[in-house]
Amino acid sequence: QVQLVESGGGLVQPGGSLRLSCAASGTIFTFYTMGWYRQAPGKQRELVAAITSGGNANYVNSVKGRCTISRDNAKNTMYLQMDSLKPEDTAVYYCTAWLGSRNYWGQGTQVTVSS
C-alpha cells in the first residue's frame with residue numbers, strides 16, 4: 001500500500017520557520033516527481049513547490065526565496081524548509097508524488113502563521 005505521510009506542521013509566529021517532511025512508503029519514489037500543495041480556507045489548492053527525480057526544483061512566486069524543497073531518495077523522504085513565514089502561508093500543506101498516470105497524496109499537515 002502506497003502511503004505519503006506529512007509531518008512538521010504547527011503554529012509559528014510571523015517571521016518564523018518550519019520544516020515539513022513527507023515520508024513515502026509502499027513503492028520506490030526515486031523516479032517520481034514530488035511536490036507540496038497547500039490549501040487555505042476558501043481558496044483553491046495551489047502548487048507551492050515541486051522537485052523532479054533529478055533534483056530540479058520549481059516554486060510558486062509567493063514563496064521564492066523563502067522556501068526550499070529537497071528530497072532524500074535513500075530515505076524516500078521529501079522536505080520543505082519554510083523561512084520568513086507570513087500569515088498568508090497559513091494553510092493545510094499536502095505532499096504529492098506523480099509518475100505518468102500514478103499520483104499519490106498525503107493527508108495534509110496544518111501550518112498556521114499567527115502572532
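The values are calculated or read from the model by the stated rules, or taken from the named source; none is laboratory data. Here the structure is a predicted model, which is why all the values come from computation and not from measurement. As a convention, Cβ positions derive from the backbone with ideal geometry for all residues, glycine included, and neighbour counts pool all protein chains shown. What goes into the accessible areas is simple: the full protein's heavy atoms, side chains included, and nothing from ligands, DNA or RNA. Shrake-Rupley method; radii C 1.70, N 1.55, O 1.52, S 1.80 Å.
For the chain, C67 stand unpaired, since no other cysteine beta carbon lies under 4.7 Å from theirs. Of the solvent-accessible surface of the chain, computed with a 1.4 Å probe over protein heavy atoms with every protein chain present, carbon and sulfur atoms account for 47 percent.
Computed from the C-beta positions of L47 and S115, the FRET efficiency with R₀ = 30 Å rounds to 0.65. Taking 22 Å as the straight-line reach from the Cα of K86, the lysines in range (excluding those fewer than 8 positions away in the same chain) are K43, K64. Each residue of the stretch 47-63 was assigned a 3J(HN,Hα) from its phi angle through the Karplus expression (A = 6.51, B = -1.76, C = 1.60, θ = phi - 60°), giving 6, 8, 7, 9, 9, 7, 4, x, x, 6, 10, 9, 9, 5, 4, 5, 10 Hz with x at Gly and Pro.
Residue ranking by accessible heavy-atom surface, 1.4 Å probe, largest first, among I28, I69 comes out as I28, I69. I need the shape label for the stretch 30-86. Rule: rounded when a/c is under 1.5, else prolate if a/b > b/c, else oblate, with a, b, c from the alpha carbon gyration tensor. Prolate, because a/c is 1.5 or more and a/b exceeds b/c. The trypsin sites (Lys or Arg not before Pro) of the stretch 1-89 that DSSP puts in a loop, and whose beta carbon has at most 10 other beta carbons within 10 Å, are K43, K64. Based on protein heavy atoms only, the chain ends up with 53 Å² per residue of surface accessible to a 1.4 Å probe.
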